[in-house]
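The values are calculated or read from the model by the stated rules, or taken from the named source; none is laboratory data. All values reported here derive from a predicted model rather than from experimental measurement. Here the Cβ is made from the backbone with ideal geometry for all residues, glycine too, and neighbour counts use every protein chain on show.
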Amino acid sequence: MSSDNEDTTSSSESERADSVEENATLEFIENLSDVPMGRLPSNIEFQRTRVDCKADAPIHTDTFQYSGAYSSMRVENSFLDNFCDNFRVEVIRLTEDEMEFDMIGIDPALANAFRRILISEVPTMAIEKVLIANNTSVIQDEVLAHRLGLIPIKADPRLFEYAENNTASEKNTIVFKLHVRCERSGQRLSVKSKELIWLPNGSEFPLESQDSKTGSSSKPKTYTSFTCSQDSLPEFSGNPIAPALGDILIARLGPGQVNLLFVLYDCGHSSNSWCYTFVFAM
């Protein structure tokens with residue numbers, strides 16, 4: 001009999017505790033301020049418009065592009081209207097080699113889309129072939145070719161045409177020659193980008209032929225088919241082509257080592273070049 005009374009008492013106390021908790025929850029909800037109509041609460045507005053940089057990682061990097069995302073608060077989330085009203089570009093620094101600008105009022109995903117468009121659509125002169133005749137340095141051929149791809153070339157890609165059918169001509173290709181030798185009796189030699197010599201007449205590297213005639217008097221074919229010298233063209237007569245910087249280190253040669261190669265640049269997109277980069281930061 002006493003056990004039944006104890007069970008009844010504990011059950012009543014539990015129901016009263018649940019009732020008190022429900023009343024407290026209802027009272028808390030009733031005391032909440034009304035959701036503002038026509039504007040977002042400050043915490044949501046902060047998450048929508050700001051990226052919070054924490055010690056471990058940034059937060060609030062995701063955005064909501066759906067126009068009805070905040071329709072319950074009567075806030076129109078139309079991307080196009082907001083973009084047209086608030087987006088602007090401010091140029092921070094502009095030099096011959098670099099441009100820095102701020103894009104204000106734009107979503108990070110769209111800023112990244114602009115970066116990808118610049119990489120894929122802006123034309124530039126990029127390495128197509130590296131023909132290595134002799135390389136006795138400690139740097140492997142493929143590493144040497146990669147280092148050459150990091151050298152920016154001072155050439156306006158708008159003056160060139162896109163290569164068709166892989167035919168290299170004076171209108172779509174630039175050829176450089178690198179020939180440096182370290183004498184056996186000399187000291188170690190630094191090979192820098194100023195050693196790249198522009199060849200306006202095209203490549204001097206002979207094209208491999210299955211039917212080679214030793215006694216042939218005809219001019220040997222090369223990897224380029226230039227009909228005229230590039231320095232005779234009005235576009236380049238007063239503007240010779242050269243590396244943008246002459247002190248970029250390419251390799252180090254020891255006594256008796258040599259670099260002899262030809263570099264072919266053609267007109268392409270920035271995505272084909274390793275040195276024309278576009279980055280953005282939030």
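With surrounded by fewer than 16 Cβ atoms within 10 Å (Cβ to Cβ), of a type in the set (Gly, Ala, Ser) and at pLDDT 75 or above as the only criterion, which of Ala281, Ala244 stands out?
Ala244
Can you go through Ile106, Ile127, Ile151 and tell me which one is farther than 18 Å from Phe236 by Cβ, without any contact (Cβ under 8 Å) to a residue 60 or more places away in the chain and within 21 Å of the chain's Cα centre (by Cα)?
Residue meeting the stated conditions: Ile106.
Tell me, yes or no, whether region 103-114 has at least one residue that is over 30 Å from Leu261 (Cα atoms), of a type in the set (Val, Ile, Thr) and touching a strand residue (DSSP E or B) at 6+ places or on another chain (Cβ under 7 Å).
Yes, the conditions are met somewhere in region 103-114.
Can you list the helices (runs of 4 or more DSSP H) found entirely within region 68-161 that contain at least 1 residues being in contact with a Gly (Cβ under 7 Å, 6 or more places away or on another chain) and closer than 21 Å to Gly246 by Cβ?
In region 68-161, no matching helices (runs of 4 or more DSSP H) lie anywhere.
Among the residues of region 56-66, is there at least one that is in a helix (DSSP H, G or I) and modelled with pLDDT under 80?
no
Of all residues in region 150-191, how many are of a type outside the set (Val, Ile, Thr), surrounded by 16 or more Cβ atoms within 10 Å (Cβ to Cβ) and closer than 18 Å to Asp97 by Cβ?
Matching residues across region 150-191 total 3.
What number of residues within region 135-191 are modelled with pLDDT of 85 or more, charged (D, E, K, R) and in contact with a Lys or Arg (Cβ under 9 Å, 6 or more places away or on another chain)?
1
Among the residues of region 145-191, write down those that are closer than 18 Å to Gly256 by Cα and not polar (S, T, N, Q).
Leu178, His179, Val180, Arg181, Cys182, Glu183, Arg184, Gly186, Arg188, Leu189, Val191
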